Amino acid sequence: MPFHPFRRSCFKLILTMTATALLLTLANCREKDSAPTREPLPAPPATAGAAETPQVEALRRTIAGNPDDARAHQALGRILSEAEQHQEAIQHFERAVQLSPTTNGLFNLAIAFEAAMHLNEAQATFKRILATSPDHEQTLRRLGNLELEMGHKEAAIDYLWQAIQTRPRNVMASYDLAAIYKFYGEYEEATDLYQTIVRIEPRSAEEQAARADSLYQIAAIEVARGKSEQAEQVLARLLELVPDHPKAHYTRGQALMQLDRTEEAQREFERHALLLRQRPVTSGME
Amino acid sequence: MSALPSRQRTSGIHAAGRTFAALLLLMASPMPWARGQDKPAGHPKIMFRDVLSEAGITYHNVSGGTGNDKAWLTATIGCGVAWIDYDLDGDMDLYLINGSTHDRQPGKGEPNLLYRNDGDGRFTDVTAQAGVGDRSWGFGVAVGDVDNDGDPDLYITNLEANVLFRNNGDGTFSDITASAGVAGTGWGSSSAFFDMDGDGDLDLYVGNYIDFSTLSVPRKGTPEADKPYCQFMGIPSVCGPRGLTPAQDILYRNNGDGTFTDVTREAGVFLEIPRYALGVVATDLDMDGDMDIYVANDSVSNSLWKNNGDGTFTDTGMISMTALSADGKPQAGMGTDAADFDGDGWIDLVVTNFSHDLNTIYKSVEGRFFLDQSSVIGMGPTAMSLSWGVSFQDFDRDGDLDLFIANGHTYPWVDESGMGTSFRQRDHLFINQGGRFKLFSPPVDDGLAQVNSSRGAAFADFDNDGDVDIVVTTMDDSAVLLRNDSTLPGHWLMVQLTGTVSNRDAVGARVILSAGGSSQLRERKGGGSFVSSSDPRLYFGLGDAVQVDKLEIFWPSGQKQVIHDVPVDQILKVTEPRDNPAAPSP
């Protein structure tokens with residue numbers, strides 16, 4: 001397949017990127033797999049214990065004194081959410097929204113529904129926000145990812161595109177959208193987005209991690225397409241800077257196999273296996 | 001600073017992608033009309049009808065209770081099914097495995113059932129007279145002529161001891177498990193007969209899942225189950241498999257005298273840390289003339305046991321890149337199958353996986369290694385399904401291999417989760433379009449439109465009408481017998497092989513069919529799908545070819561046999577010549 005001119009030039013850019021530039025890109029990606037992910041089977045941790053801190057007790061007293069204090073309900077809901085006491089958090093967020101149906105209040109409620117795996121309720125709440133604030137970028141992104149989790153690919157893509165259109169420099173929505181395209185084998189679209197992310201100067205740790213992972217994803221797509229030589233060089237460079245990136249080790253191994261460099265590939269697979277063995281069990285089904 | 005790409009611009013790239021896909025279609029299809037010639041006059045109209053009731057099959061599955069009564073993983077895996085011509089009357093009979101519940105004594109579960117195909121669309125329950133109503137908590141079944149006496153025997157994997165029934169040739173079977181020495185240990189899942197050492201008899205690979213006891217594994221919903229491995233996406237679930245002790249797979253060598261020897265250690269397939277095996281297929285992936293074993297493992301890396309040709313095996317899963325997904329992740333392997341779906345002459349692999357993940361298609365690169373091509377080949381649209389039984393078959397008779405996948409979630413409680421998946425799901429038929437799979441969308445009255453929690457799946461032309469039918473087991477319910485009632489303009493050929501020097505079942509034989517300027521490869525593999533066993537006859541769809549120009553048969557013994565000018569639309573029986581000097585396989 002002929003290389004798309006844009007991709008060819010961008011790939012060349014990556015290959016010629018100085019070590020310093022790559023290092024900057026990867027600065028916040030030193031821990032294994034620290035990039036934000038759209039991996040299948042996310043497994044939220046088990047419910048944590050009670051969070052009866054003095055702050056919580058004070059908020060409970062406030063609410064007991066004034067059950068219609070929307071701000072207190074919101075504040076308590078947020079603390080309980082952070083403590084992963086989602087059911088009670090939902091009750092307080094719902095009450096807060098009844099009292100004062102603000103966008104932020106609804107957004108907190110939707111996030112709490114999502115965390116409690118009440119996906120239908122989360123979806124409905126996000127849509128309620130969009131009914132009054134159709135350009136609410138964070139809602140569009142969260143709803144896009146939620147739709148994907150619920151198996152609604154087209155809706156997911158639609159919401160993420162809307163998120164990008166509300167703010168053209170929307171790295172994270174682009175990153176999520178690229179992951180969907182890659183997952184479904186739409187490599188042209190995925191590569192296009194990943195390459196654009198690479199060219200945007202990151203403004204947060206999350207964006208930096210997304211940029212670094214986009215480099216990996218571009219190389220992984222090239223490996224899947226059988227274009228291993230360039231991909232191998234990018235991955236080798238990435239691994240110099242992030243030695244414990246398990247996926248990069250595995251994908252470089254695949255590239256090396258395609259290049260008939262079997263012994264080097266074997267070493268990459270062994271390194272990858274070693275890194276995988278260090279993972280804790282987080283779910284019965286993985 | 002670059003602006004992010006607009007949707008309109010990407011739409012343009014969509015068009016480029018379509019062009020590329022069209023090019024792929026032209027390059028990869030083995031049939032002549034895909035290379036620019038005209039398609040056959042008629043187009044296939046796919047239709048499957050569930051004929052279970054009219055066939056007289058009353059099997060009802062029991063798998064550890066229903067709904068929230070499912071307290072352990074044992075209640076979520078389900079049962080297999082086998083097509084077996086036990087009475088040698090030329091049509092495929094049906095053997096259905098059944099389970100039990102934990103409040104019953106071992107050996108007091110629901111009996112497995114054998115249904116004789118009466119040849120008129122109906123089946124008769126002959127379990128009692130055949131003596132094959134094993135009442136263990138059954139999971140899997142393999143069919144093979146272990147004593148080379150010309151009739152097929154049955155091997156059943158159980159939660160308790162496994163069972164080997166020898167076919168007596170008079171409509172009855174004898175339990176020879178003890179004398180044969182194949183009771184096994186651990187919770188048996190899929191198994192496969194194959195000739196590991198080329199000595200002309202069938203050896204046996206038994207996949208084992210978990211070293212399971214209700215005394216040691218927490219029951220769902222109890223305080224003891226407050227562990228990470230008893231959760232699924234934050235929801236309390238049955239515990240495992242991760243966190244539980246995996247059971248060791250077993251390799252038995254057939255001694256040729258009615259007994260088997262456990263050669264797991266000496267053959268090199270013993271694992272210090274076993275791997276929760278669920279799917280097994282025996283196939284010659286590197287085409288070096290001996291059969292390798294591919295094992296789909298749940299939640300850990302898959303295994304590819306390369307046959308070294310000296311009675312030993314080496315796990316080449318990692319170096320062959322068939323152990324993990326493209327991103328180097330272990331997946332939850334359930335079923336597996338092996339076939340040359342893209343017509344390049346090399347055997348590819350498919351592995352079915354858990355929901356929120358892709359079923360994996362590993363495309364062979366000349367047998368040296370494999371590339372995970374799942375996304376680009378078309379597995380994405382079914383990522384929310386949880387998949388089990390699987391097979392590459394030419395359902396539409398057009399000369400390339402399509403793909404059937406049986407689906408159903410492990411947990412009934414996902415129905416309340418809003419996770420975008422459900423306990424009962426549609427099974428999926430993918431139509432091969434030039435090496436890519438397109439999901440078939442069945443009309444509402446099609447048998448494929450129903451939703452069940454499917455598990456085992458086996459494939460056969462049970463009515464001998466020249467197309468591939470399907471039987472599927474479902475959790476806590478009746479089975480589904482999908483008769484292929486498609487309108488298919490293409491021709492077909494079925495090849496029934498009988499070994500003489502090779503093992504009688506000819507497991508390991510390869511057949512290359514040439515017709516209309518193109519060729520197709522089929523292999524008489526061992527095992528495949530999930531805990532199930534399919535028609536041993538090799539099925540070829542021929543499209544509009546009206547004659548088979550050449551049939552090349554590569555027998556496991558090394559002999560090559562060539563048959564020219566074979567008429568189509570028939571079941572061709574081929575016996576391995578005894579007096580033909582051995583010719584090396586290519």
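The values are calculated or read from the model by the stated rules, or taken from the named source; none is laboratory data. Quick caveat: nothing in here was measured; it's all calculated off a predicted structure. Please note: Cβ atoms are built from the backbone with ideal geometry, for glycine as well, and neighbour counts cover all protein chains shown. Areas reflect the complete protein model, heavy atoms only, side chains present, ligands, DNA and RNA absent. Shrake-Rupley method; radii C 1.70, N 1.55, O 1.52, S 1.80 Å.
For the range B:452-501, a residue qualifies if it is among the small types (Gly, Ala, Ser) and over 22 Å from B:ASP398 (Cβ atoms), and the qualifying residues are B:SER453, B:SER454, B:GLY456, B:ALA458, B:SER478, B:ALA479, B:GLY499. Residues that are hydroxyl-bearing (Ser, Thr, Tyr) and buried (at least 19 other Cβ atoms within 10 Å of the Cβ) within the range B:417-451 comprise B:SER417, B:THR421, B:SER422, listed in sequence order. Among residues of the range A:220-248 that are over 19 Å from B:LEU324 (Cβ atoms), those with a beta-carbon under 6 Å from a residue that is open to solvent by less than 30 Å² (accessible area, probe 1.4 Å) and among the β-branched types (Val, Ile, Thr) at least six positions away or on a different chain give the pairs A:VAL234/A:ILE14.
Go over the candidates B:ASP211, B:ASP201, B:ASP226, B:ASP195 one by one and state the one that is away from chain A (no Cβ under 14 Å) and either touching a Phe, Trp or Tyr at 6+ places or on another chain (Cβ under 6 Å) or under 24 Å from A:ARG277 (Cα atoms) (or both). Answer to the check: B:ASP211. The strands (runs of 3 or more DSSP E) located wholly in the range B:172-280 that include 3 or more residues which are hydroxyl-bearing (Ser, Thr, Tyr) and open to solvent by less than 10 Å² (accessible area, probe 1.4 Å) occupy B:188-194. Annotation: of all residues in the range A:204-224 being more than 9 Å from every other protein chain (Cβ to nearest Cβ) and open to solvent by 10 Å² or more (accessible area, probe 1.4 Å), the one that is farthest from B:PHE370 (Cα to Cα) is A:SER204. Residue-level analysis places A:ARG279 among those that are outside any helix (DSSP H, G or I), more than 9 Å from every other protein chain (Cβ to nearest Cβ) and at pLDDT below 95.
Screening A:GLN87, A:GLN74 for residues that are in contact (Cβ under 8 Å) with a residue 12 or more places away in the chain, within 26 Å of the chain's Cα centre (by Cα), assigned to a helix (DSSP H, G or I) and surrounded by 22 or more Cβ atoms within 10 Å (Cβ to Cβ) leaves exactly one candidate, A:GLN74. You will find that of B:LEU73, B:LEU113, the residue that is surrounded by 14 or more Cβ atoms within 10 Å (Cβ to Cβ), under 30 Å from B:ASN254 (Cα atoms) and in the same structural domain as B:GLY200 (by the TED database) is B:LEU113 and no other.
Here is a yes/no grid of residues against (1) under 19 Å from A:ARG225 (Cα atoms); (2) open to solvent by less than 20 Å² (accessible area, probe 1.4 Å); (3) not assigned by the TED database to the domain that holds B:ALA449:
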{"residue": "B:ASP310", "(1), (2), (3)": "no, no, no"}
{"residue": "B:THR336", "(1), (2), (3)": "no, yes, no"}
{"residue": "B:GLY345", "(1), (2), (3)": "no, no, no"}
{"residue": "B:THR352", "(1), (2), (3)": "no, yes, no"}
{"residue": "B:ILE377", "(1), (2), (3)": "yes, yes, no"}
{"residue": "B:SER391", "(1), (2), (3)": "no, yes, no"}
{"residue": "B:ILE405", "(1), (2), (3)": "no, yes, no"}
{"residue": "B:ASP415", "(1), (2), (3)": "no, no, no"}
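Selection over the range B:281-307 of residues that are open to solvent by 20 Å² or more (accessible area, probe 1.4 Å) and in contact with a Gly (Cβ under 8 Å, 6 or more places away or on another chain) gives a count of 6. So is B:SER454 free of Cβ contacts under 8 Å to residues at least 60 places away in the same chain and either open to solvent by less than 20 Å² (accessible area, probe 1.4 Å) or within 14 Å of another protein chain (Cβ to nearest Cβ) (or both) or not? No; evaluated as a whole, the condition is false for this residue. A:GLY151 meets all of the listed conditions (1) farther than 14 Å from A:PHE107 by Cβ; (2) part of a helix (DSSP H, G or I) but one, namely (2). For the range B:299-314, the criterion of being within 14 Å of another protein chain (Cβ to nearest Cβ) and over 20 Å from the mean Cα position of the chain (by Cα) is met by at least one residue. In the range A:225-273, the qualifying residues are those that are of a type in the set (Gly, Ala, Ser) and in a helix (DSSP H, G or I), and the one that is surrounded by the most Cβ atoms within 10 Å (Cβ to Cβ) is A:ALA248. Within the range B:133-151, the residues that satisfy the criterion of being surrounded by fewer than 24 Cβ atoms within 10 Å (Cβ to Cβ), in contact (Cβ under 8 Å) with a residue 24 or more places away in the chain and not charged (D, E, K, R) are B:ASN148, B:GLY150. Working only within the range A:225-274, note down all residues that are within 11 Å of chain B (Cβ to nearest Cβ) and among the acidic types (Asp, Glu). Hits for the range A:225-274 are A:ASP260, A:GLU263, A:GLU268, A:GLU270. As an exercise: evaluate B:ARG49 against (1) modelled with pLDDT of 95 or more; (2) assigned to a loop (DSSP other than H, G, I, E, B); (3) basic (Lys, Arg) and give the number of the one condition it does not meet. Exception for B:ARG49: condition (2).
Take the conditions (1) open to solvent by 20 Å² or more (accessible area, probe 1.4 Å); (2) facing chain B (nearest Cβ under 7 Å); (3) in a helix (DSSP H, G or I); A:GLU201 misses just one of them, which is (3).
Scanning the range A:139-149 for residues that are within 10 Å of chain B (Cβ to nearest Cβ) and open to solvent by less than 10 Å² (accessible area, probe 1.4 Å) yields A:LEU146, A:GLU147.
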